[in-house]
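To start, the structure itself, in structure tokens.
The numbers here are math on the coordinates, done by the rules we state, and not lab data. On a predicted model such as this, the values are computed, not experimentally measured, just so you know. Cβ coordinates were reconstructed from backbone atoms using ideal geometry, including for glycine residues, and neighbour counts include every protein chain displayed.
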């Protein structure tokens with residue numbers, strides 16, 4: 001399947017099994033990265049927080065939201081909505 005055809009299907013809102021599989025797999029991967037970051041941050045609780053710890057926490061939240069969006073919505077994230085005004 002060509003990328004142009006896949007992109008057109010996603011914009012139209014048509015179901016495309018390869019895209020659904022890939023995006024949901026990306027979501028599961030992001031949630032796995034979130035789990036790994038959380039375990040890393042939990043081990044460092046006894047020490048005072050450094051700027052790197054805050055950066056890891058920010059990455060953890062970003063992975064969590066991206067993973068949940070990809071798993072729950074999947075290819076519907078790329079559906080083009082009509083604009084209410086020209």
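List residues of the range 18-46, by number, whose backbone nitrogen lies under 18 Å from a label position 7 Å along Cα→C-beta of residue 62.
Zone members listed by number: 26-41.
Angle check, please: helix 3-12 long axis (alpha carbons) against the longest principal axis of the chain (alpha carbons), in degrees 0 to 90, nearest 10.
Roughly 90 degrees between the two axes.
For the chain, what does -39500 (n - 2.57) per DSSP helix run (n ≥ 4), summed and divided by total residues, give at 222 nm, in deg cm²/dmol to the nearest 500?
-23500 deg cm²/dmol
Under 10 Å, Cα contacts only: if you run a Gaussian network model on the chain, which one of 31, 56, 23 comes out with the highest mean-square fluctuation?
Highest fluctuation among the options: 56.
Given R₀ = 30 Å, FRET efficiency for residue 28-residue 83 by Cβ-Cβ distance, to 0.05?
0.35
Go ahead and set up a Gaussian network model of the chain, Cα springs under 10 Å, then flag whichever of 16, 63, 34 fluctuates most.
Of 16, 63, 34, the most mobile in the Gaussian network model is 16.
Please compute P(r) over all alpha-carbon pairs of the range 27-79, binned at 10 Å starting from zero, and give each bin as a whole-number percent.
26, 43, 22, 8, 1
If the elastic network links every pair of Cα atoms under 10 Å, which of 18, 51, 75 fluctuates the most in the Gaussian network model of the chain?
Looking only at 18, 51, 75, the largest GNM fluctuation is found for 51.
In degrees between 0 and 90, to the nearest 10, how far off the longest principal axis of the chain does helix 51-72 point, with axes built from Cα atoms?
The angle comes out near 30 degrees.
Find how much the distance from residue 53 to residue 69 grows on full extension, using 0.36 nm per residue of separation minus their present alpha carbon separation; answer in nm with one decimal.
Full extension from residue 53 to residue 69 adds 3.3 nm.
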